Amino acid sequence: DLYKSVMNLHFSHQIDLTQEEAVSKKEEVESLLRDIPIESDSGLMVETVSMNMRSNEHIVEVQEVCLKYLWAYSKFNQQHKLEIIRAGLADDIILAMKKYKRSVKVQNRGCGCIWSLSVVQANRKQMAKAGAVKCVFRALEEHIRDPSLLETAFGALRTLSPEKDIRDAIQRILGPQRVCRAMALHRSSTSIQRDGCAFLSNMAVNMEKQEVSVVSREEMEAVVRALSDHLSTQTVVSSACFALKNFTYEEQNLRSLRQFDDIHSLLEDASKYTTKTEIQMDADEIRERLSILVQEDDALEQIAYSSLLEAMSNPNMTVEQAVTSIRDVLKDYEWSEKLICYGLGSLLSLGGQNDEHLDRIMQFDVLRIVMHAMYKQKASANAQIRGCELIRFLAEQGKDERSMVCDVDGCSIVISACRRHRRNDTVQVPGYAALEVLYKDERCAKLIDRTGGLESFQKILEEAKLRKGISKNCLGPGAKLDEARPLPQRAL
């Protein structure tokens with residue numbers, strides 16, 4: 001009787017239904033679906049949902065209730081998941097999500113269906129082919145302030161992302177960056193942080209080739225922050241440590257992780273206060289890798305530092321040899337905050353000695369490496385101070401020099417430094433001074449005006465000065481750069 005009532009149920013295709021009629025249809029459909037046992041393998045649930053979603057695609061309330069029961073049905077067992085895909089409901093789920101972007105229920109339940117169905121590896125490509133990736137990210141962006149929806153969306157991304165073709169599609173739409181932004185907005189959600197770390201780990205690992213890609217500073221920071229914020233939550237700690245362990249199979253990622261001052265203490269606490277063996281093993285493995293890297297890098301830095309000292313003090317070195325030696329250190333040791341700071345300072349010192357050194361520094365190959373070094377060390381206040389001082393000095397030499405600095409995006413680099421370190425007065429002083437000089441160049445002036453004008457950067461400087469004292473371990477703008485100093489030590 002139930003089957004007959006389902007098959008004989010007639011749905012009008014009128015689009016101009018009243019709210020009362022729409023609710024009535026929804027209640028009618030829900031009454032049918034409620035009477036079908038979730039554990040039933042008869043196929044009646046899938047057939048009923050399929051028929052009602054397709055014949056009532058213009059009624060959002062019906063779509064909401066159908067997705068609700070489909071999600072619950074899909075979670076029951078693997079056979080249900082396969083049955084739903086065989087019935088072609090992947091397309092219906094995606095169609096509903098595309099049609100009703102503003103409906104939180106449709107987006108949440110649609111993501112839930114994608115999450116549950118994608119647990120089965122065989123279903124993932126079918127879901128992706130239907131358009132699941134773009135739909136999940138659209139839901140994430142449209143409802144980014146809704147933690148409940150984001151928890152479901154992150155679950156969907158976590159189960160989709162192990163597939164290489166899907167990872168490629170996610171990378172094309174900047175998925176990891178979008179996930180990092182959402183994680184930063186919902187730091188207190190254990191579910192979002194746990195699945196966000198798992199997703200970022202999946203995105204970095206290519207199991208087929210046994211390779212790990214270089215992750216961005218933003219991705220590394222998101223995982224470290226999740227670990228720091230949720231040290232007492234075992235599921236988050238497990239996911240974060242697993243992600244960091246995977247990241248650190250790649251040397252560049254290991255060096256990036258080393259830049260976080262509190263990472264050793266975080267990993268020590270993660271290992272010490274957990275009862276899970278796998279967390280202890282992952283945390284201890286990362287710490288061991290970091291310790292080995294520190295020893296190796298310290299030796300490399302000392303060798304490179306010696307070459308910087310020789311370039312600065314050896315009277316037998318030609319101008320070409322001295323500047324090229326410093327340039328090569330900046331290029332080869334972009335990961336080292338210490339060497340970048342000293343390399344930039346050394347160029348400033350040499351540039352002030354005579355015109356021959358200045359002319360060599362103004363060559364494109366050197367300027368390009370200077371800007372790249374500042375970009376790679378954009379999180380380092382010390383590096384930005386030295387870089388801004390060097391750019392200001394070069395720009396002060398004349399019109400042609402300002403134009404050359406602009407050619408290698410020097411103005412953009414200084415703007416970025418001022419924006420990123422807006423609360424740090426020791427960066428703002430040389431940064432604003434550099435912008436004042438660069439503003440004399442027409443192209444730089446247009447760029448500065450597009451980002452708010454000199455007045456906006458002056459305001460940032462004044463606000464930073466009011467916060468003076470918060471930026472410890474930064475060399476002041478008046479520090480002499482032509483005298484030998486010990487390498488700055490990073491707290492580990």
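The values are calculated or read from the model by the stated rules, or taken from the named source; none is laboratory data. Computed from a predicted structure; not experimentally measured. Please note: Cβ atoms are built from the backbone with ideal geometry, for glycine as well, and neighbour counts cover all protein chains shown. Just so you know, the surface numbers come from the protein's heavy atoms only, side chains and all, with ligands and any DNA or RNA stripped out. Shrake-Rupley method; radii C 1.70, N 1.55, O 1.52, S 1.80 Å.
Quick look at the values:
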quantity	calculated
Solvent-accessible surface (1.4 angstrom probe) belonging to HIS264, in square angstrom, nearest 10	40 Å²
Stokes-Einstein D (µm²/s) once Rh is taken as the Kirkwood radius of the chain over alpha-carbon pairs, at 20 °C in 1.002 mPa s	82 µm²/s
Shape category assigned to segment 130-228 from the gyration tensor of Cα positions, a/c cut at 1.5	oblate
Scaled radius of gyration (Cα, divided by 2.2 N^0.38 Å) that segment 14-156 gives	0.98
Mean separation of Cα contacts under 8 Å, 6 or more apart, over the residue count of segment 298-353: relative contact order %	35 percent
In range of the label at GLN321: residues from segment 342-359 whose backbone nitrogen is under 17 Å from the point 7 Å along Cα→Cβ	357
Length-normalised contact order for segment 98-253 - Cα pairs under 8 Å, 6+ apart - percent	20 percent
Value of [θ]222 nm, deg cm²/dmol, for the chain, DSSP H segments ≥ 4, -39500 (n - 2.57) each, nearest 500	-23000 deg cm²/dmol
Helical segments meeting 30 Å axial Cα length and Kyte-Doolittle -1.0 threshold in the chain (DSSP H)	277-313
Filtered GluC sites (Glu not before Pro), segment 132-228: DSSP coil and at most 15 other beta carbons within 10 Å	GLU208
Where ARG138, ARG402, ARG386 fall by accessible area, highest first, once all protein chains stay in place (1.4 Å)	ARG138, ARG402, ARG386
Residue among GLY351, ASN424, MET374 farthest towards the positive dipole end of segment 347-428, charges placed on Cβ	ASN424
Whole-Å semi-axes of segment 332-473's equivalent ellipsoid (Cα gyration tensor)	22, 19, 12
For the chain, size of Cβ-based charge dipole, Lys and Arg +1, Asp and Glu -1, in debye	800 debye
Inter-probe distance in nm under a simple model that places probes 7 Å from Cα toward Cβ, at GLU28 and GLU396	8.2 nm
Sequence of SER118, SER238, SER188 from largest to smallest accessible area, 1.4 Å probe	SER188, SER238, SER118
Accessible area of LEU435 in the full protein assembly, 1.4 Å probe (Å², nearest 10)	0 Å²
Entries in LYS99/LYS129; LYS26/LYS68; LYS245/LYS378 that, when Cα-Cα distance is taken, lie over 20 Å	LYS245/LYS378
Cα centroid separation, segment 105-139 to segment 265-289 (Å)	34 Å
Kirkwood-based shape ratio for segment 263-322, expressed as Rg/Rh from alpha carbons	1.39
Accessible surface of ASP41 - all protein chains present, 1.4 Å probe, nearest 10 Å²	80 Å²
Accessible surface ranking that places the most exposed of ARG34, ARG187 first, with a 1.4 angstrom probe	ARG34, ARG187
FRET efficiency for ARG181 and LEU82, using Cβ-Cβ distance with R0 set to 30 Å, rounded to 0.05	0.30
